[in-house]
Amino acid sequence: MERSIILLAGAALVFSANVSARKLEEAYHLIPGSVPMDKGPDGNSIFLDAPKGLILVDTGRHPEHAQQLLDYARERGKPIAAIVNTHWHLDHTTGNADIRAVYPAAQVYATTAIEGALKSFLNKGREQAEKRIADPKTPADERAQLIRGRSRIDNPDTLRPTVPVTKSGTMKIAGRKLEVHVAPFAVTEADLWLYDPATRVAIVGDLVVDIVPFMDTACPDGWKKALEEVAATPFVTLIPGHGAPMNRAQFLQWEQAYDNFVDCGHSTRLKEECVAGWKKDAAPFIDAEHSGYVIEAATYYLDTRLRSSPEEQQKYCRPLR
Ligand SMILES: [Zn+2]
């Protein structure tokens with residue numbers, strides 16, 4: 001009896017040593033975001049180890065998400081040395097300020113697309129937020145989220161890069177070499193995605209969103225081109241902006257679903273057919289919780305981005321002002 005307890009204890013020790021060794025060797029550490037039905041989403045956040053500390057890709061929207069990121073860094077005993085924002089959407093950048101409040105030396109790598117967004121999309125969003133905040137019927141959770149978002153728009157340096165990235169190339173971030181890709185006119189005016197040749201991991205932000213492409217500020221054809229560039233790298237694992245990591249076959253299936261949806265949108269086929277096509281093509285990526293939402297969202301993006309006036313369709317295919 002005693003012996004087996006000792007053996008078990010020994011096994012437990014070996015097990016935990018293996019776990020922590022594996023943790024140090026992880027190619028990446030994912031803190032998953034979510035797309036809840038009753039409030040705004042959080043994008044995925046990804047940690048990479050670097051000589052000077054941790055690299056953090058995207059910082060989420062809600063304070064609880066930011067807290068998880070800070071907890072992970074504390075647990076690792078390493079500072080967050082750099083933040084990379086894949087794009088300016090607030091479900092990927094709102095947490096920047098929370099992270100930099102604790103790690104003020106953290107550099108922020110992003111494109112300069114935020115500048116056009118501040119003048120247009122975010123400025124307009126702020127006006128709408130004001131109205132919702134003033135409305136006594138607005139639920140408390142939503143009000144808190146809107147106030148948090150407004151505070152970022154009012155302090156735009158919390159959203160801006162400290163190291164603007166204007167072209168693709170190999171960069172040293174926190175002492176670690178990474179391939180940094182700029183994708184013009186895709187999810188936003190300029191998205192940023194990473195490829196790490198050492199681990200063959202691609203981190204692509206909202207160029208891939210499992211349940212439905214979030215096209216609010218998208219140039220659909222530029223996005224398609226960006227997906228082709230992602231496919232051209234020899235990645236083994238791809239981490240989307242929302243949803244679980246994908247292997248190459250899964251990514252190619254999602255890319256095909258995206259292409260079919262955009263092609264259908266540009267055709268004269270019935271809207272319902274395009275939406276049903278998306279649901280069918282992307283079925284492996286759509287969970288039961290979101291199956292109704294996906295129909296609404298896909299219909300909305302067809303109306304607003306793919307089948308709106310020619311001028312409106314091109315709105316995000318040129319610089320915002
Ligand atoms: Zn997102």
Worksheet entry | Surrounding net charge for Gly95, when Lys and Arg each add one and Asp and Glu each subtract one, Cβ distance under 11 Å | -1
Worksheet entry | Spatially proximal lysines relative to Lys39 (Cα-Cα < 16 Å; intrachain offsets below 8 disregarded) | Lys137
Discussion item. Under 8 Å for C-alpha pairs, at least 6 residues apart: give me the relative contact order for the stretch 81-176, rounded to a whole percent.
Written reply: 39
Worksheet entry | Euclidean distance of C-alpha centroids, the stretch 262-321 and the stretch 159-211, integer Å | 25
Worksheet, complete the sentence: Computed from every Cα-Cα pair in the stretch 98-231, P(r) in 10 Å bins starting at 0 and rounded to whole percents is 11, 32, 36, 17, 4, 0
Response to the item:
Relative contact order of the chain (C-alpha contacts under 8 Å, at least 6 apart) in percent is 14
Discussion item. Please report, in whole Å³, the volume per residue of the convex hull around the C-alpha atoms of the chain.
Written reply: 167
Fill in: Positive minus negative residues near Ile203 (Lys, Arg vs Asp, Glu; Cβ under 12 Å)
-4
Fill in: Farthest toward positive dipole pole in the chain [+1 Lys/Arg, -1 Asp/Glu at C-beta], among Val209, Thr138, Cys317
Cys317
Discussion item. For the chain, what does the helix formula give at 222 nm: sum of -39500 (n - 2.57) over DSSP H segments with n ≥ 4, over the residue count, nearest 500 deg cm²/dmol?
Written reply: -13500 deg cm²/dmol
Worksheet item: Just Ala244, Ala257, Ala105 to compare: in a GNM of the chain, with alpha carbon springs under 10 Å, which one fluctuates most?
Response: Ala105
Item to complete: Using only Cα atoms, find the angle between the long axis of helix 291-301 and the longest principal axis of the chain, and express it within 0 to 90 degrees, rounded to the nearest 10.
Response: 50
Discussion item. On C-alpha positions alone, give me the angle between the axis of helix 220-231 and the longest principal axis of the chain, in degrees, nearest 10.
Written reply: 30
Practice prompt. Name the residue, out of Asp71, Asp281, Asp91, whose mean-square fluctuation peaks in a Gaussian network model built on the chain with Cα pairs under 10 Å.
Written response: Asp71
Worksheet, complete the sentence: A correct fewest-to-most ranking of Ile80, Ile147, Ile286 by other Cβ atoms within 10 Å would be Ile147, Ile286, Ile80
Practice prompt. Please order Val182, Val201 by the number of other Cβ within 10 Å, starting at the fewest.
Written response: Val182, Val201
Discussion item. Let me spell out the model: positive unit charges on the Cβ of Lys and Arg, negative unit charges on the Cβ of Asp and Glu, origin at the Cα centre of the stretch 32-76. What dipole size does that give, in debye rounded to 20?
Written reply: 140
Worksheet entry | Of all DSSP beta bridges in the stretch 28-180, antiparallel share, percent nearest 5 | 60
Response to the item:
Listed residues Lys52, Lys177, Lys131; largest mean-square fluctuation, Gaussian network over the chain with Cα springs below 10 Å, found at Lys131
Worksheet, complete the sentence: Yeah, the stretch 112-181 with a ≥ b ≥ c from its alpha-carbon gyration tensor (a/c under 1.5 is rounded, else prolate when a/b outruns b/c, oblate otherwise) is prolate
Worksheet item: Under 17 Å Cα-Cα from Lys271, which lysines qualify once same-chain neighbours fewer than 8 residues away are excluded?
Response: Lys279, Lys280
Worksheet, complete the sentence: If amide H atoms are modeled at 1.01 Å from N in the peptide plane, then the residues at a separation of 5 or more from His242, or on another chain, having amide H under 5 Å from its own are Asn44, Asp210
Worksheet entry | Degrees, to the nearest 10: 2-25 long Cα axis against longest axis of the chain | 40
Response to the item:
Rounded to two decimals, the Rg over Rh value of the stretch 172-317 from Cα coordinates and the Kirkwood Rh reads 0.98
Practice prompt. Could you work out the relative contact order of the stretch 176-321, using alpha carbon pairs under 8 angstrom and six or more residues apart, expressed as a whole percent?
Written response: 25
Discussion item. Within a 10 angstrom radius of the beta carbon, how do Leu178, Leu207 rank from fewest other beta carbons to most?
Written reply: Leu178, Leu207
Worksheet entry | Formal net charge of residues neighbouring Pro51 (Cβ-Cβ distance under 11 Å; K, R +1; D, E -1) | +4
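The numbers here are math on the coordinates, done by the rules we state, and not lab data. This one's a predicted model, so the numbers in the text were calculated from it and none came from an experiment. Here Cβ is always computed from backbone atoms with ideal geometry, including for glycine, and neighbour counts include all displayed protein chains.
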